[in-house]
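Below: one structure, written as structure tokens.
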């Protein structure tokens, strides 16, 4: 596309695009317009439909209805190949370089320059790669291996590939800054502004409002699968943006700062179950201190990379802190492994239930009794009757939908799988629950019942630490929300001060 | 779950035994001598050595690992024990103690395997491959000629027969399989083994010391390989350096036929026994038919191939049963909604 002369014709337009899944509406009548030479921000909460939108544009999933207009051509849906041919490139959150290929090879895979005998021209590849790296200012060797790069360098390499090698006209950057270092972030911004000048269009997806303000020309806000508004970034400030994202007005008396720690502690008459003192793990979290009382539900709110998962994993013995203390029932404890954590009454519900939570090829009964099986012993052997009755009890309590307790777990739906993991950790009757995104990827009904379970059954005589992909879940169940930003506690809200927009701003590292 | 589904699943989960019955029937039809009491005892007797290895391999597969070294341990463990008893220690050894020693040597080989695989983090295939070669090499070096005359106590398990001409080895085989069945099905330890192979990360997070479970599995397989060595040595009243050679690949065939999976987390002692016995039966029937020696090995392989294909079909059918059950449920839900 020649610079300048067509600048008012959009490169890409989505018209009333919807994507329905059984049980959920991921995207509903959404519109998006992309002009040449613009950086278009897309922002919204988790589950607002950002990733669905991106997948439709890059051809990974077909929309249920709606039109995609690419340079004037109408499409009902794109395939990944078509998207590539139309110059659409995508860089995702998790960089995917081939570890054993050199930087140059990674750049030119799969379209290697060849001579006419189809033999790869290595000298040309290496020379061009070195040239591209020099231009972009990335300080890595073209001959370094993919596995020798830091995550940040890998991410930058893929952005470079999309811009300079694949020569895409429309580039989707899906939360790429989540894994970029500060230095590489600057390089990215420079690259973006150079490419903008070449009339390319960039779709910029991020959770950080500061970035939208910094790099984007226009922004489209998504909420509950709908495009709420598309606006020039220069006309919005961060407060307005945060209101658009959460859909909630700031209260009038928003000057009043929530009183933190002192009043929080005074409100708690229950004994402290767990207290964390200046816990630090370099690169993940720093100086984390808080108390967890009995019958209390505390939420850890923060963006990806804020350290919330790592804190829970440390308390459950999977990761280990560099310095700091964990005090359980008045005694400082080292938690070396999940087995030790369980012995001390700490149960962890992992964020990734398929990979870390379940043994899918084994039965519901097997999975439910996995953590508590030692207590079902009768002499040397298992008390199978007791096991079965306990299993049935849990299936009823959590209303897990399964034809029988002997069904293999991979036949269950996502929500029911999650209930099985919840059942497994309940069965051990722990004193402290660490719930890492218990509501991730499950349908609304199950979500409600799991949250209800947390609020009633789990907190009985126990303390709960919970994280969630959506703030509304935390607001619904928590007594207190601790806000993390880049590994540090930046704020704390008590139940009476809960306000989605404010917590959202705090998660961005800003003063609400 | 309705009754029909339960029956279907029971049949599919125990398909190996159905195949055994079928194979038995076909053989009995074509070669009547197959059915003779002596021949059946013979099949069991000849299966007993391989079955120990198959069981060991099965346990290791359950934890998601592979043990190639068992066939060398089979020769190595009795070789060391007998060298000690007949050569290295002038006074000799108490024969009962040498039996225990044999099993202990196997257990130590397993412990070493487990240590290197879990603590140093070597892939189990590569590690046990090196041990397969090392132990065979050591046995060849230490036992250039067979060691004869092992004594009646040491050969009792491998060669003695009880009333009704039932070999002690067969009784021992059933006894060990029974013990393993109880351990796998009825103890927390058995659950932990399955969980370790089914999903090591989830197992670890739910509080299992998964590394220790892998070490235990290798100790079990090493010990069982030593027991197989005891039986083999006892049968021929000698320890020679080629015992167990080329058996390890058949242990995979047997374990997979018995319902284990190379990716771990699957397997029962009963199924593994079935897999081992089917291998023994195939071998026996081919010998009885008097098939050309040169084609025997290939035919053996072909029959294993067919059996493994059948096993894949079994897995697919099992999925189909659940799929149909889901359809049925959805239909009845829809019907209920209409009413």
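Considering only DSSP beta bridges where both residues belong to the protein assembly as shown, give the percentage that are antiparallel (nearest 5).
Given both bridge residues lie in the protein assembly as shown, the antiparallel proportion sits at roughly 60 percent.
If you take the beta carbon distance between residue B:316 and residue B:91 as r and set R0 to 60 Å, what does 1/(1 + (r/R0)^6) give as a FRET efficiency, to the nearest 0.05?
With R0 = 60 Å, the Cβ-Cβ based efficiency is 0.45.
Using alpha carbons only, how many degrees (0 to 90, rounded to 10) separate the axis of helix B:70-83 from the longest principal axis of chain B?
30
Sticking with the crude label model, points 7 Å out along Cα→Cβ, report the distance from residue B:329 to residue A:150 in nm, one decimal please.
Spacing of the two 7 Å Cα→Cβ label points: 4.9 nm.
With r defined as the distance between the Cβ atoms of residue A:65 and residue B:337 and R0 fixed at 22 Å, what FRET efficiency is calculated, to the nearest 0.05?
0.25
Taking the Cα atoms of the protein assembly as shown alone, what are Rg (to one decimal) and Dmax (as a whole number) in Å?
Rg then Dmax for the protein assembly as shown, in Å: 32.6, 102.
Would you mind computing the Rg to Rh ratio of the stretch B:1-158 from its alpha-carbon coordinates, Kirkwood style for Rh?
Ratio value, two decimals: 1.09.
Taking only DSSP H segments of four or more residues, each worth -39500 (n - 2.57), what value at 222 nm results for chain A once the sum is divided by all its residues, to the nearest 500 deg cm²/dmol?
Helix contribution divided over all residues of chain A: -8500 deg cm²/dmol.
Stretched out fully, how many nm does the piece from residue B:40 to residue B:156 gain, at 0.36 nm a residue minus the Cα gap?
Length gained, residue B:40 through residue B:156: 39.7 nm.
How compact is the stretch B:133-219 by the rule of thumb for globular proteins, expressed as Cα Rg over 2.2 N^0.38 Å?
So the stretch B:133-219 has a normalised radius of gyration of 1.62.
Taking N as the number of residues in the stretch A:303-412, what is its alpha-carbon radius of gyration divided by 2.2 N^0.38 Å?
Normalised Rg, Cα atoms only: 1.28.
Normalized C-alpha radius of gyration of the stretch B:147-299, against 2.2 N^0.38 Å?
Taking N as the residue count of the stretch B:147-299, the ratio is 1.22.
Between residue A:117 and residue A:239, what is the label-to-label distance in nm when each label sits 7 Å out along the Cα-to-Cβ direction?
Going from the residue A:117 label point to the residue A:239 one covers 7.1 nm.
Can you give the helix-only mean residue ellipticity at 222 nm for chain B, where every DSSP H stretch with n ≥ 4 adds -39500 (n - 2.57) and the sum goes over all residues, rounded to the nearest 500 deg cm²/dmol?
-25500 deg cm²/dmol
On the first, second and third principal axes, largest extent first, how far apart are the outermost C-alpha atoms of the stretch A:268-367 in Å?
41, 31, 24
Given the stretch A:432-478, what whole percent of its Cα pairs are spread farther than 16 Å?
28
Expressed as a rounded percentage, what relative contact order does the stretch A:130-201 have, with Cα pairs under 8 Å and six or more residues apart?
35
Could you compute the FRET efficiency for residue A:327 and residue B:299, with r as their C-beta to C-beta distance and R0 at 51 Å, rounded to 0.05?
In this case the efficiency is close to 0.15.
Can you work out the PRE-style zone for residue A:278? Point 7 Å along Cα to Cβ, and I want the residues of the stretch A:457-492 with backbone N under 19 Å.
Answer for this model: A:487-490.
Per residue, what volume in Å³ does the convex hull of the Cα atoms of the stretch B:3-338 enclose?
Dividing the Cα hull volume of the stretch B:3-338 by its residues yields 165 Å³.
What does the convex hull of the alpha-carbon atoms of the stretch A:45-168 project to on average, in nm²?
Hull-based average projected area comes out at 9.8 nm².
Bear in mind these aren't lab numbers, they're just calculated from the coordinates by the rules spelled out. What you see is a predicted model; the values in this text were computed from it and never measured. Every residue, glycine as well, gets a Cβ built from its backbone with ideal geometry; the counts of neighbours run over all protein chains shown.
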